[in-house]
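Working notes, beginning with the structure itself.
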Amino acid sequence: MLISEVIQNIKSYCKGSWMGQKIDDEKTRDKVLYGNTDRECTGIVTTIYASVDVIKKAHELGANLIIAHEALLWNHGDHREWLEESKNRTYLAKKKLMDDYGITVWRFHDYIHSGIPCKDGYVDGIFYGIAKVTGWDDAIINNSDISGALYLECEPTTPRQVGKLLKEKWNLTGLKCIGNMDARVTKIMICGHVSEGGDSNSLIRKVDENDINLLLPLELIDFTLTEYVKDSGQLGYDRAILAAGHFNLEEPGMKYMEEWIDDALKQHIDTTFVQAGDMYSFM
Ligand SMILES: [Fe+2]
Ligand SMILES: [Fe+2]
């Protein structure tokens, strides 16, 4: 199967629309970020981000297509004129590696978030994948009043225990912990990006009114929600944040892709999830 056909089949498998609006192929983030698509696919690697090590691993596995959820070259839209023009050395070295290994990189973001098939229609492929890999698929509650990216209700546990579970299931070296680590947790929210310096007032209001105990954010800054959770914990409320990091958190969704890619392609192509791994290490 040609790489272009692999991409087309995966797009067709997904819902391909957001709030009734079809994904616009001009505007979507889901572009071929590197390489050509007019050749036979020798194997596929799925990952959150095509880092240098992921590219090397794909080559080792004999795969020439990397399907990555996030951008390749460090900016929204993957613009590279500025990198060419400034002769950025890391860019040139990464480009050479992809050329030497004949790697094509396709970004798979908007389509997977638009939905993959499930028994009730479609479900966000990243967040459903996270729940599946973590063993939380029975805990998902669809409540649009509460839901961030994903809302879960579970048997009583603690942030400490959830943290251990995430480290094991997501293969992490660590998590940032904020708030009361011995809180009684029954309500967990994956709350998206907390990266606005101004305010997170509507999110804080939602957390307070609905007694959300544990928040798992994508991006997280110290302002706003983080301070609020720290204060809540110090006052003895059942409230905490476990911050794995944006890429660590979404990456299980790309691992889960191994389970359904054959259905999408209607044939088998060797597909391996390669963990891009922690963005951070700690000392
Ligand atoms: Fe993301
Ligand atoms: Fe995402």
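Every number in this text was worked out from the coordinates using simple rules, so none of it is lab data. This one's a predicted model, so the numbers in the text were calculated from it and none came from an experiment. Note: ideal-geometry Cβ built from the backbone for every residue, glycine included; neighbour counts use all protein chains shown.
Measure nothing but the geometry: give the 0 to 90° angle between the long axis through the Cα atoms of 3-13 and the longest principal axis through the Cα atoms of the chain, rounded to 10°.
Helix 3-13 sits roughly 40 degrees off the main axis of the chain.
For Gln275, what is the net charge nearby, where nearby means another residue's Cβ is under 15 Å from its Cβ and Lys, Arg count +1, Asp, Glu -1? Mind dumping the intermediate values first?
Working: positive: Lys56, Lys57, Lys167, Lys169, Lys255; negative: Asp53, Glu60, Glu70, Glu168, Glu250, Glu251, Glu258, Asp278.
Computed value for this residue: -3.
Using alpha-carbon positions, what is the distance between the centroids of region 230-283 and region 39-61, in Å?
18 Å
What do you get for chymotrypsin sites (Phe, Trp or Tyr not before Pro) in region 69-98 restricted to DSSP loop and a cutoff of at most 15 other Cβ within 10 Å of the site's Cβ? Don't skip to the answer; put the middle values down first.
Working: sites: Trp74, Trp82, Tyr91; in loops: Trp74.
Hits after loop and neighbour filter: Trp74.
Within region 69-150, list the GluC sites (Glu not before Pro) lying in a DSSP loop whose Cβ has at most 10 other Cβ atoms in a 10 Å radius. Spell out each step's value before the answer.
Values: sites: Glu70, Glu81, Glu84, Glu85; in loops: Glu70.
Passing both the DSSP loop test and the Cβ count: no residue.
Please give the calculated 222 nm ellipticity per residue for the chain, where each DSSP H segment of at least 4 residues contributes -39500 (n - 2.57) and the sum is spread over every residue; nearest 500 deg cm²/dmol? Each step should come with its number before you reach the end.
Working: 10 runs with 105 residues, N = 283.
Counting only the DSSP helices, I get -11000 deg cm²/dmol.
In region 1-87, which trypsin sites (Lys or Arg not before Pro) are in a loop and have at most 12 other Cβ atoms within 10 Å, using DSSP for the loop call? Write out the running numbers ahead of the final one.
Details: sites: Lys11, Lys15, Lys22, Lys27, Arg29, Lys31, Arg39, Lys56, Lys57, Arg80, Lys87; in loops: Lys15, Lys27, Arg29, Lys31, Arg39, Arg80, Lys87.
Here the sparse-neighbourhood loop sites are Lys27, Lys87.
Counting other beta carbons within 10 Å of each residue's own, what order do Thr37, Thr46, Thr271 fall into, fewest first?
On the way: Thr37 16, Thr46 24, Thr271 21.
Least crowded to most crowded, the residues run Thr37, Thr271, Thr46.
What nm distance separates the two modelled labels at Ser17 and Trp74, each placed 7 Å from Cα along Cα→Cβ?
In this crude spin-label approximation the distance works out to 4.0 nm.
Taking the number of other C-beta atoms within 10 Å as the exposure measure, put Leu175, Leu265 in order starting with the fewest. Write out the running numbers ahead of the final one.
Details: Leu175 22, Leu265 18.
With the sparsest Cβ surroundings first, the list reads Leu265, Leu175.
Quick one: net charge of Val185's neighbours, Cβ under 14 Å, K/R +1, D/E -1? Numbers along the way, then the final one.
On the way: positive: Arg160, Lys164, Arg184, Lys187, Arg239; negative: Glu153, Glu155, Asp182, Asp211, Asp238.
Neighbourhood net charge equals 0.
Once you've got the GNM for the chain with C-alpha springs shorter than 10 Å, pick whichever of Asp238, Asp263, Asp110 has the biggest mean-square fluctuation.
It is Asp263.
Hey, fewest Cβ within 10 Å first, where do Val123, Val162 land in order?
On the way: Val123 19, Val162 23.
So the residues, fewest neighbours to most, are Val123, Val162.
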